[in-house]
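Visitor: First, the structure itself, so that you have it in front of you.
The values are calculated or read from the model by the stated rules, or taken from the named source; none is laboratory data. Note that this is a predicted model, so its numbers are computed, not measured. All Cβ positions, glycine included, derive from the backbone under ideal geometry; neighbour counts span all protein chains shown.
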Amino acid sequence: MKLESREDLQISRKQAINKIKKEDCRILICAGTGCLAGGSEKIYKKLKEMAEGIEGISLEFGPEAAHIGVHQSGCHGFCEMGPLVRIEPWNYLYIKVKEEDCEEIFQKTVLKGQPVERLLYEQDGRIYPEQEKIPFYAKQTRLVLKNCGHINAEDMDEYIAMGGYEALEKALFEMSPVEIVEEILKSNLRGRGGGGFQTGYKWKQVARQPEKIRYVVCNGDEGDPGAFMDRSIMEGDPHKMLEGMIIAGYAVGAQEGYIYVRAEYPLAIKRLKIAIKEAEENGILGDNILGSGYGFRIHINRGAGAFVCGEGSALTASIEGERGMPRTKPPRTVEQGLFAKPTVLNNVETYANVSMIIKNGAEWYHEIGTEGSPGTKAFALTGSVKNTGLIEVPMGTTLREIVFDIGGGLKNDGEFKAVQIGGPSGGCLVSNNLDVKLDFDSLKKLGAMIGSGGLVVMDDGTCMVEVARFFMNFTQNESCGKCVPCREGTKRMLEILERIVAGNGSLEDLDLLEELGEAITATALCGLGKSAALPVLSTLKNFREEYVEHVVDKRCKTGNCQAMIKYVINPAACKGCSKCARNCPVGAISGKIKEPYVIDGEKCIKCGACLDNCPFGAIYTEN
């Protein structure tokens with residue numbers, strides 16, 4: 001039904017709420033990318049098949065005949081425990097569900113309302129039936145991610161039932177464009193894509209441009225390794241992002257919006273297309289939205305996976321069909337962005353905050369987070385932590401709370417070493433930083449940045465030199481090559497790091513790394529280039545002794561740098577069987593039968609064949 005007025009939307013909301021209320025039992029199967037890879041599609045089909053025709057049967061948990069709703073939701077966030085199934089009204093969360101568990105879930109929970117205890121989350125001997133009480137969720141503040149995992153991501157009615165498009169309704173009929181911009185400005189919403197630039201100020205700059213053709217662009221490229229915050233929002237609650245974009249368009253006088261999504265996100269693209277089509281059919285997008293006289297349309301552009309297209313001017317160039325390369329500024333995007341017109345450019349999470357601010361007000365927003373960084377931030381928590389997944393916490397939450405309270409501490413009770421925050425554009429936080437507040441300003445003082453929100457936790461088994469080499473390799477491969485500092489500087493830094501992990505480094509290399517890193521930071525053309533050296537500079541600052549150990553002692557104590565591992569034969573345990581020598585591909589092992597063999601360190605290529613083939617456990621490694 002096309003909604004042609006504010007009243008039509010309100011009627012539609014009541015109908016959508018009643019539709020959900022009729023479902024006495026709601027089964028929400030996680031259909032985010034991670035859980036789908038784990039087999040959740042089969043679980044959905046099985047439960048859907050079992051629920052068909054169940055209406056009209058009186059169930060034990062209610063006096064009336066029940067209606068059962070089986071839905072595919074977006075990401076629940078608790079990725080470590082997927083595939084996940086949530087069952088309402090009891091809010092049971094079943095973890096690591098398999099297709100063969102469906103029968104028991106249906107017979108015990110759906111028909112009788114009783115939990116399947118073996119599928120519930122357990123921590124420290126305590127079983128948690130309700131999702132909201134699991135420590136992973138209980139210590140979060142999920143606002144942007146509130147609907148993810150709780151609604152059918154491909155049904156606009158469910159978004160509307162949860163209060164969706166109330167903010168758009170308020171913006172169109174109760175506020176002027178100037179008032180909207182001022183409200184966003186007062187909220188101090190800062191860009192969640194990494195830079196932390198004030199969103200309201202960006203909107204204000206676009207709104208005051210003399211050029212009347214303007215655009216709204218959403219950056220859904222998200223190229224950082226291990227980051228999936230934006231992807232989860234697009235997959236799990238796409239309308240929240242669309243609502244923010246429409247409000248932005250109305251506020252700055254734009255009639256068209258573009259979403260730039262990396263092609264590696266096919267599910268996000270699919271659900272965005274469904275959401276846009278639903279919004280157009282229902283009068284939320286198109287001409288004369290809700291009878292307000294304002295029209296807005298949204299298009300999707302797929303990126304080819306270039307990391308540099310996360311930078312604003314490279315992104316807009318890519319949408320235009322040009323090669324994605326940053327340009328010199330000024331003019332800035334707010335003056336000449338997409339098609340050389342004034343452009344509002346924010347990322348997915350930033351737009352997802354807009355509707356909450358318009359609906360609840362800037363003062364409400366300031367009650368969350370810190371004064372300089374209000375609101376919440378979504379993080380992708382990965383690495384050597386027990387509970388990996390997608391989390392959302394107020395700005396200013398400490399690293400200790402995230403790693404040890406929400407993340408449950410380190411795997412195998414390892415010792416905390418560091419966190420790489422912000423991906424290739426970020427820096428390293430160490431044990432001394434565990435109680436530092438995670439907000440834009442606090443991290444800037446430490447030489448790090450929130451970035452898009454990737455958090456990679458590392459334990460004492462991690463080699464920080466190899467971590468720096470990994471990120472520099474990524475950055476160098478992704479450099480667009482336009483400016484010399486980034487193109488040549490990152491290449492030289494990578495060569496030095498590769499020399500160090502190969503055991504051929506020197507102390508002079510450490511000074512050269514610092515010199516190159518500082519030069520690239522000061523002279524690179526775009527923000528990505530300026531932050532390219534941060535992982536190296538921060539690890540040099542915090543773990544210089546590891547670098548020194550690599551170049552002076554030619555030793556990697558963690559054993560991650562293969563070239564520095566030394567294979568040794570214990571003569572007391574060696575039986576002289578010659579099996580190690582016969583399996584060595586380079587003839588680095590010599591000796592006589594029934595006498596201890598020896599390994600020539602100069603010839604050894606560290607392949608480990610001798611270790612794998614020794615039947616007596618006589619071969620070991622020295623780091």
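Visitor: Test ALA581 against the criterion of being surrounded by 14 or more Cβ atoms within 10 Å (Cβ to Cβ) and of a type in the set (Gly, Ala, Ser), and give yes or no.
Guide: Against the criterion (surrounded by 14 or more Cβ atoms within 10 Å (Cβ to Cβ) and of a type in the set (Gly, Ala, Ser)), ALA581 qualifies.
Visitor: With a cut-off of at least 1 residues that are surrounded by fewer than 18 Cβ atoms within 10 Å (Cβ to Cβ), name the helices (runs of 4 or more DSSP H) lying wholly within the range 269-367.
Guide: 348-360, 362-366
Visitor: Being surrounded by fewer than 18 Cβ atoms within 10 Å (Cβ to Cβ) and within 28 Å of ILE269 (Cβ to Cβ) is true for just one of GLU88, GLU158, GLU99. Which residue is that?
Guide: GLU99
Visitor: To continue, here is another question. Could you give every pair whose Cβ atoms fall below 7 Å, whose first residue belongs to the range 276-301 and is on the phi < 0 side of the Ramachandran plot, and whose second residue is among the small types (Gly, Ala, Ser) and part of a helix (DSSP H, G or I), counting only separations of at least 6 or pairs across chains?
Guide: Between residues of the range 276-301 that are on the phi < 0 side of the Ramachandran plot and residues that are among the small types (Gly, Ala, Ser) and part of a helix (DSSP H, G or I), the close pairs are LEU285/ALA279; PHE296/GLY249.
Visitor: When you scan the range 255-262, do you find a residue that is part of a helix (DSSP H, G or I), farther than 19 Å from TYR215 by Cα, charged (D, E, K, R) and assigned by TED's automatic domain parsing to the domain that holds VAL334, even just one?
Guide: No - not one qualifying residue is present in the range 255-262.
Visitor: Hey, any hits in the range 176-186 for a residue that's under 28 Å from LYS270 (Cα atoms), buried (at least 18 other Cβ atoms within 10 Å of the Cβ) and within 29 Å of the chain's Cα centre (by Cα)?
Guide: Looking through the range 176-186, none of the residues is under 28 Å from LYS270 (Cα atoms), buried (at least 18 other Cβ atoms within 10 Å of the Cβ) and within 29 Å of the chain's Cα centre (by Cα).
Visitor: Just one of GLY559, GLY601 is part of a loop (DSSP other than H, G, I, E, B), on the phi > 0 side of the Ramachandran plot and of a type outside the set (Lys, Arg); which is it? Don't jump to the end; show me each part of the working.
Guide: Details: GLY601 fails: on the phi > 0 side of the Ramachandran plot.
Answer to the check: GLY559.
Visitor: For the range 491-508, give me the residue count where each residue is in contact (Cβ under 8 Å) with a residue 40 or more places away in the chain, crowded, with 16+ Cβ neighbours inside 10 Å and farther than 15 Å from ALA563 by Cβ.
Guide: Summing the residues that are in contact (Cβ under 8 Å) with a residue 40 or more places away in the chain, crowded, with 16+ Cβ neighbours inside 10 Å and farther than 15 Å from ALA563 by Cβ in the range 491-508 gives 1.
Visitor: Are any of the residues in the range 197-210 in contact with a strand residue (DSSP E or B) (Cβ under 7 Å, 6 or more places away or on another chain), farther than 28 Å from LEU438 by Cβ and crowded, with 17+ Cβ neighbours inside 10 Å?
Guide: Within the range 197-210, one or more residues are in contact with a strand residue (DSSP E or B) (Cβ under 7 Å, 6 or more places away or on another chain), farther than 28 Å from LEU438 by Cβ and crowded, with 17+ Cβ neighbours inside 10 Å.
Visitor: Continuing with the same structure: Going through the range 474-506 one residue at a time, which ones are assigned to a helix (DSSP H, G or I), within 20 Å of ARG323 (Cα to Cα) and among the basic types (Lys, Arg)?
Guide: ARG487
Visitor: Could I ask something else about it? What are the residues in the range 101-133 that are in contact with a Gly (Cβ under 9 Å, 6 or more places away or on another chain) and of a type outside the set (S, T, N, Q), if any?
Guide: Residue satisfying the conditions is GLY113 alone.
Visitor: State whether one or more residues within the range 226-235 are assigned to a helix (DSSP H, G or I) and over 14 Å from the mean Cα position of the chain (by Cα).
Guide: no
Visitor: Restricting to the range 547-581, name every residue that is of a type outside the set (Gly, Ala, Ser) and closer than 12 Å to ILE599 by Cβ.
Guide: Selection gives ILE565, LYS566, TYR567, VAL568, ILE569, ASN570, PRO571, CYS574, CYS580.
Every residue, every condition in (1) in a strand (DSSP E or B); (2) under 15 Å from CYS30 (Cβ atoms); (3) assigned by TED's automatic domain parsing to the domain that holds ILE29; (4) out of contact with any Cys (no Cβ under 9 Å at 6 or more places or on another chain), yes or no:
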residue: HIS71; (1), (2), (3), (4): yes, yes, yes, yes
residue: PHE106; (1), (2), (3), (4): no, no, yes, yes
residue: GLY113; (1), (2), (3), (4): no, no, yes, no
residue: GLU122; (1), (2), (3), (4): yes, no, yes, yes
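Visitor: Among (1) crowded, with 19+ Cβ neighbours inside 10 Å; (2) in contact with a Phe, Trp or Tyr (Cβ under 7 Å, 6 or more places away or on another chain), where does GLY113 come up short?
Guide: (1)
Visitor: Which condition number does VAL465 fail, the rest of (1) surrounded by 24 or more Cβ atoms within 10 Å (Cβ to Cβ); (2) of a type outside the set (S, T, N, Q); (3) at pLDDT below 90 being met?
Guide: (3)
Visitor: Return yes when LEU338 is in contact (Cβ under 8 Å) with a residue 60 or more places away in the chain and either closer than 23 Å to GLY223 by Cα or in contact with a Lys or Arg (Cβ under 8 Å, 6 or more places away or on another chain) (or both) and no when it is not.
Guide: For LEU338, the condition - in contact (Cβ under 8 Å) with a residue 60 or more places away in the chain and either closer than 23 Å to GLY223 by Cα or in contact with a Lys or Arg (Cβ under 8 Å, 6 or more places away or on another chain) (or both) - is met.
Visitor: For the subset of the range 9-25 comprising residues that are at pLDDT 95 or above and of a type in the set (D, E, K, R), which member is farthest from TYR165 (Cα to Cα)?
Guide: Checked the range 9-25; the qualifying residue farthest from TYR165 (Cα to Cα) is LYS14.
Visitor: Exactly one condition in (1) within 30 Å of ALA314 (Cβ to Cβ); (2) touching a residue at least 40 places away in the same chain (Cβ under 8 Å); (3) surrounded by fewer than 21 Cβ atoms within 10 Å (Cβ to Cβ) is not met by ALA532; state its number.
Guide: (3)
Visitor: Go through the range 435-471 and give me each residue that's touching an Asp or Glu at 6+ places or on another chain (Cβ under 9 Å) and part of a helix (DSSP H, G or I).
Guide: Across the range 435-471, the qualifying residues are MET464, VAL465, ARG469.
Visitor: Only one residue in ALA279, ALA227 is modelled with pLDDT under 95 and aliphatic (A, V, I, L, M), so which one is that?
Guide: ALA227 is the lone residue from the list that is modelled with pLDDT under 95 and aliphatic (A, V, I, L, M).
Visitor: Let me ask another. State all residues of the range 104-140 that are modelled with pLDDT under 95, over 29 Å from VAL403 (Cα atoms) and not hydroxyl-bearing (Ser, Thr, Tyr); if no residue qualifies, say none.
Guide: PHE106, GLN107, LYS108, VAL110, LEU111, LYS112, GLY113, GLN114
Visitor: Would you say MET449 is crowded, with 18+ Cβ neighbours inside 10 Å and within 18 Å of ASN560 (Cβ to Cβ)?
Guide: So MET449 does not fit the description; no.
Visitor: Can you name the residue in the range 562-576 that is part of a loop (DSSP other than H, G, I, E, B) and touching a Lys or Arg at 6+ places or on another chain (Cβ under 8 Å) and, of all such residues, is nearest to ALA609 (Cα to Cα)? Write out each step before concluding.
Guide: Pass one, the range 562-576, residues part of a loop (DSSP other than H, G, I, E, B): 565, 570-576.
When the remaining residues are screened for being touching a Lys or Arg at 6+ places or on another chain (Cβ under 8 Å), the result is 565, 575-576.
Details: ILE565: 14, LYS575: 17, GLY576: 16 Å.
Ranking the qualifying residues of the range 562-576, first place goes to ILE565.
Visitor: For the range 433-463, which positions are farther than 22 Å from ALA532 by Cβ and among the small types (Gly, Ala, Ser)?
Guide: SER442, GLY461
Visitor: Any idea which of GLU158, GLU80 is in a helix (DSSP H, G or I), over 21 Å from the mean Cα position of the chain (by Cα) and closer than 22 Å to ALA31 by Cβ?
Guide: None of the others qualify; the one that does is GLU158.
Visitor: Here's something else I'd like to know. Give the range 598-610 a look and list any residue that's out of contact with any helix residue (DSSP H, G or I) (no Cβ under 6 Å at 6 or more places or on another chain) and surrounded by 16 or more Cβ atoms within 10 Å (Cβ to Cβ), or say none.
Guide: ILE599, CYS604
Visitor: Out of curiosity, is VAL536 among the β-branched types (Val, Ile, Thr) and over 30 Å from THR328 (Cα atoms)?
Guide: Working: among the β-branched types (Val, Ile, Thr): yes; over 30 Å from THR328 (Cα atoms): no.
No.
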